[in-house]
Amino acid sequence: MRREAEGRVRQLRVLIEQANHDYYVLDNPTIPDAEYDRLFRELQAIEAAYPDLASPDSPTRRVGGRPLAAFAPVRHRVPMLSIRTETDTSEAGAIAFDARVRKELGLTEADPAVEYAAELKFDGLAMSLRYEDGVLVQAATRGDGETGEDVTQNVRTVRTIPLRLASEHPPAVLEVRGEVYMRRADFERYNERQRTLGRPTLVNPRNGAAGSIRQLDPTVAAQRPLSFYCYGIGETTGWNLPATHGEVLDALAGLGLPVCGERAVGPGSATLLAFHRAIAERRDRLPFDIDGVVYKVNRLDLQRQLGFVAREPRWAVAHKYPAQEELTTVEAIEVQVGRTGAITPVARLAPVFVGGVTVTNATLHNEDEVRRKDVRVGDTVIVRRAGDVIPEVVAVVLERRPMKDLVTPAQAPFELPRTCPECGGPVLRIEGEAIARCVNGLGCPAQRKQAIIHYAGRRAMDIEGLGERLVDQLVERGLVHNPADLYDLAEAPLAALERMAEKSAANLVQAIAASRGRELNRFVFALGIRNVGEQTAKDLARHFGRLDALMAADAAALMQVPDVGPVVAESILAFFAEPHNRAVIERLRAAGGWRDGEARPLAGPLTGRTFVLTGTLPNLSREEAKARIEAAGGKVAGSVSKKTDYVVAGADPGSKFARAQELGINTLDESGLLALLEKRE
Ligand code: IVH
């Protein structure tokens with residue numbers, strides 16, 4: 001037994017050290033957290049059972065990452081500690097924590113409940129911000145808890161971190177502890193852009209945050225959309241320390257620091273349990289990833305009394321939720337054909353419970369992504385499912401590739417089929433685009449089905465009862481080729497379909513008839529024009545009023561509509577130029593498919609004005625500034641010309657600024673732009 005334990009300990013230490021190195025130093029995790037935790041706990045358990053196998057250099061004795069040589073080391077004046085993780089992921093963890101705290105404080109049953117603060121466990125990178133006389137002077141990572149890395153330059157690019165505290169009389173020294181993280185929407189948007197540019201994507205938001213902060217080039221960090229939340233303090237001088245943790249956070253918020261609103265203060269384990277439950281229920285809908293909740297004794301004097309054991313405070317504990325990343329194997333790689341012909345590779349997986357559901361499929365996005373990740377059949381992969389996001393394959397665990405050196409046909413690198421698996425039509429990938437498409441259009445049954453499902457959708461023509469299964473049958477039996485055919489359907493052939501009877505057939509015919517004469521915006525959306533979503537369809541319908549007016553519009557006329565740029569305009573023109581589409585529309589017109597309205601072009605306060613943005617604005621990102629201008633009816637152009645009305649210049653403006661001055665064009669700074677938006681909004 002002992003010999004075995006010894007061997008396993010050696011093995012575990014190597015695996016864990018390797019994982020630590022990949023995670024902390026290379027910012028390139030090779031195994032999911034859940035797997036890491038299992039290995040770590042196994043090692044802890046063996047070391048506890050065989051104390052003579054314990055060793056001071058075991059990874060169990062370490063708090064976290066190692067500082068990278070390239071950043072200057074920062075010695076933390078108050079160490080940055082870790083917190084104990086309640087291994088019991090059931091709710092019993094809160095009760096066990098309360099019991100321990102009460103025992104340590106020498107409380108008996110007769111004593112009143114201890115007051116606790118509960119908050120979220122943000123999943124990012126721990127950070128210490130040092131403000132001197134109210135000015136941010138240094139930002140450091142945790143490193144090994146004693147010494148971290150000076151990442152001040154990168155942290156300055158995080159927009160939610162104030163460079164100066166909002167106070168007339170700031171403390172002489174205030175160290176704020178918190179987490180740099182990336183919001184899910186920011187992560188998705190960033191990756192989406194990277195994908196279209198054919199550039200590498202971020203593995204997950206946590207890594208996005210950690211990797212960005214540890215970029216040696218601050219301009220790279222500046223392009224990554226990061227956020228920050230405070231959860232505590234380090235060294236302070238000249239600060240009137242509040243009595244409780246909850247008040248500390250309130251005070252930090254009062255100084256203009258970002259503090260998460262999702263927190264609770266109350267007596268006893270009941271407070272903690274209620275918080276744990278409420279957050280578990282809403283976890284998927286939070287705008288950022290969390291890996292659990294944190295419970296803290298609220299009174300700071302009691303925290304001091306409780307003190308620390310090893311490197312962990314006795315007054316705090318983390319209570320984790322089930323992991324959102326897990327390991328599984330790839331059983332097959334198939335491709336799906338979408339409504340616009342987009343060919344998406346999909347991994348069929350051995351079922352795995354992750355992020356609260358059993359996952360059997362995960363998107364691989366596109367050909368380049370599969371190649372970059374080099375996903376092959378038989379591979380062990382990290383699967384991630386967080387929030388409502390479609391499950392995806394994050395990375396391959398290459399170390400576990402079966403028969404590493406023996407390439408059998410099933411293990412060959414993935415290749416996108418050259419013909420559509422649904423219709424045999426040609427698959428084309430336009431240069432510069434990430435997505436390959438079946439170009440057979442409605443000649444492809446998969447696209448036909450999707451087009452009809454989309455047409456009937458709740459937000460489109462809203463035909464009740466016309467679901468996926470039924471559409472499959474209608475298309476496969478040749479009863480329906482395009483949306484116009486729906487209006488010619490008779491009851492008898494419908495009643496003959498699987499799972500249909502006379503009554504349901506009659507209901508369907510009725511539901512189709514009821515969809516006649518829907519508002520133009522629904523109809524335009526229902527057509528499924530590429531790049532025309534629900535909002536654009538509304539804007540187009542409002543602007544043109546009648547379908548004929550929309551069909552007759554040229555690019556310039558289309559681009560008068562808010563948010564319609566050259567790409568959307570081109571999609572619309574291409575759609576209506578297609579004779580097949582025009583023919584279907586004429587039949588839909590005859591069937592009374594939609595109802596025209598009146599043209600009510602949206603005149604925003606900035607309608608008719610063209611802006612050019614240059615340099616970095618202090619608060620608004622470029623995307624935000626663009627969105628605000630466009631929402632007000634203005635246009636944002638890429639280069640300065642005589643047609644430009646305003647140039648909005650931030651820090652380090654480029655040649656556009658000089659050109660604006662040359663041409664005598666008005667220039668604005670951010671506050672000038674905001675004033676313009678406000679005055680006219
Ligand atoms: S308190 C002395 N509160 O979790 C206690 N930590 O191992 C210091 N974390 O690296 C930590 N959210 O970066 C605390 N609300 C929260 C937290 C939190 C995330 C991270 C922290 C630390 C790790 C604890």
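Return yes when residue 344 is touching a Leu at 6+ places or on another chain (Cβ under 7 Å), open to solvent by 30 Å² or more (accessible area, probe 1.4 Å) and closer than 30 Å to residue 438 by Cβ and no when it is not.
no
In segment 312-325, what count of residues is obtained for those that are open to solvent by 70 Å² or more (accessible area, probe 1.4 Å) and either over 32 Å from the mean Cα position of the chain (by Cα) or within 11 Å of the ligand (Cβ to nearest atom) (or both)?
1
In contact (Cβ under 8 Å) with a residue 40 or more places away in the chain, among the small types (Gly, Ala, Ser) and open to solvent by less than 20 Å² (accessible area, probe 1.4 Å) - does that describe any residue in segment 362-376?
No: segment 362-376 contains no residue that is in contact (Cβ under 8 Å) with a residue 40 or more places away in the chain, among the small types (Gly, Ala, Ser) and open to solvent by less than 20 Å² (accessible area, probe 1.4 Å).
Being open to solvent by 70 Å² or more (accessible area, probe 1.4 Å) and within 11 Å of the ligand (Cβ to nearest atom) is the filter here, so list the residues in segment 294-310 that pass it.
308 - this is the single residue of segment 294-310 that is open to solvent by 70 Å² or more (accessible area, probe 1.4 Å) and within 11 Å of the ligand (Cβ to nearest atom).
Here are 126, 117, 172: which of them is among the small types (Gly, Ala, Ser), in contact (Cβ under 8 Å) with a residue 24 or more places away in the chain and closer than 15 Å to residue 252 by Cβ?
Being among the small types (Gly, Ala, Ser), in contact (Cβ under 8 Å) with a residue 24 or more places away in the chain and closer than 15 Å to residue 252 by Cβ holds for just one of 126, 117, 172, which is 117.
Show me the strands (runs of 3 or more DSSP E) entirely contained within segment 223-318 in which 1 or more residues are touching a residue at least 40 places away in the same chain (Cβ under 8 Å), of a type outside the set (Val, Ile, Thr) and farther than 30 Å from residue 56 by Cα.
It comes to 227-237, 264-267.
Per-residue answers, yes or no, for (1) away from the ligand (no atom under 16 Å from the Cβ); (2) open to solvent by 30 Å² or more (accessible area, probe 1.4 Å); (3) among the acidic types (Asp, Glu):
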residue: 228; (1), (2), (3): no, no, no
residue: 245; (1), (2), (3): no, no, no
residue: 260; (1), (2), (3): no, no, no
residue: 263; (1), (2), (3): no, yes, no
residue: 269; (1), (2), (3): yes, no, no
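Just name the residue that is least open to solvent (accessible area, probe 1.4 Å) out of those in segment 655-677 that are out of contact with any Leu (no Cβ under 9 Å at 6 or more places or on another chain) and under 18 Å from residue 623 (Cα atoms).
Out of the qualifying residues, it is 672.
Restricting attention to segment 45-77, and to residues there that are in a loop (DSSP other than H, G, I, E, B) and within 16 Å of the ligand (Cβ to nearest atom), which single residue is modelled with the highest pLDDT?
76
Output the number of the condition that residue 12 fails; it satisfies all remaining conditions of (1) surrounded by fewer than 19 Cβ atoms within 10 Å (Cβ to Cβ); (2) free of Cβ contacts under 8 Å to residues at least 40 places away in the same chain; (3) more than 26 Å from the chain's Cα centre (by Cα).
With (1) surrounded by fewer than 19 Cβ atoms within 10 Å (Cβ to Cβ); (2) free of Cβ contacts under 8 Å to residues at least 40 places away in the same chain; (3) more than 26 Å from the chain's Cα centre (by Cα) applied to residue 12, the lone miss is (1).
Kindly list the number of the only condition in (1) within 16 Å of the ligand (Cβ to nearest atom); (2) touching a Gly at 6+ places or on another chain (Cβ under 7 Å) that fails for residue 147.
Evaluating residue 147 over (1) within 16 Å of the ligand (Cβ to nearest atom); (2) touching a Gly at 6+ places or on another chain (Cβ under 7 Å) leaves (2) as the failure.
How do the helices (runs of 4 or more DSSP H) wholly within segment 391-489 filter down when requiring 3 or more residues that are at pLDDT below 95 and among the acidic types (Asp, Glu): which remain?
468-476
From 138, 153, grab the single residue that is under 31 Å from the mean Cα position of the chain (by Cα), among the polar types (S, T, N, Q) and open to solvent by 60 Å² or more (accessible area, probe 1.4 Å).
Exactly one of 138, 153 is under 31 Å from the mean Cα position of the chain (by Cα), among the polar types (S, T, N, Q) and open to solvent by 60 Å² or more (accessible area, probe 1.4 Å), namely 153.
In segment 271-293, how many residues are more than 13 Å from the ligand (Cβ to nearest atom), farther than 14 Å from residue 93 by Cβ and in contact with a Phe, Trp or Tyr (Cβ under 7 Å, 6 or more places away or on another chain)?
1
Would you point out the residue of segment 78-114, among those that are open to solvent by 40 Å² or more (accessible area, probe 1.4 Å) and touching a Gly at 6+ places or on another chain (Cβ under 7 Å), that is nearest to the ligand (Cβ to nearest atom)?
Among those residues, the one meeting the criterion is 81.
Given the conditions (1) closer than 13 Å to residue 213 by Cα; (2) at pLDDT below 95; (3) buried (at least 17 other Cβ atoms within 10 Å of the Cβ), report the number of the one that residue 165 does not fulfil.
Here residue 165 meets the rest and fails (1).
Look at segment 184-202 and say how many of its residues are under 17 Å from residue 367 (Cα atoms) and either in contact (Cβ under 8 Å) with a residue 24 or more places away in the chain or touching a strand residue (DSSP E or B) at 6+ places or on another chain (Cβ under 6 Å) (or both).
5
The values are calculated or read from the model by the stated rules, or taken from the named source; none is laboratory data. Source: prediction; values computed, not measured. Every residue, glycine among them, receives a Cβ derived from its backbone with ideal geometry; neighbour counts consider all protein chains shown. We work out accessible area using only protein heavy atoms, side chains counted, and drop any ligands, DNA or RNA first. Shrake-Rupley method; radii C 1.70, N 1.55, O 1.52, S 1.80 Å.
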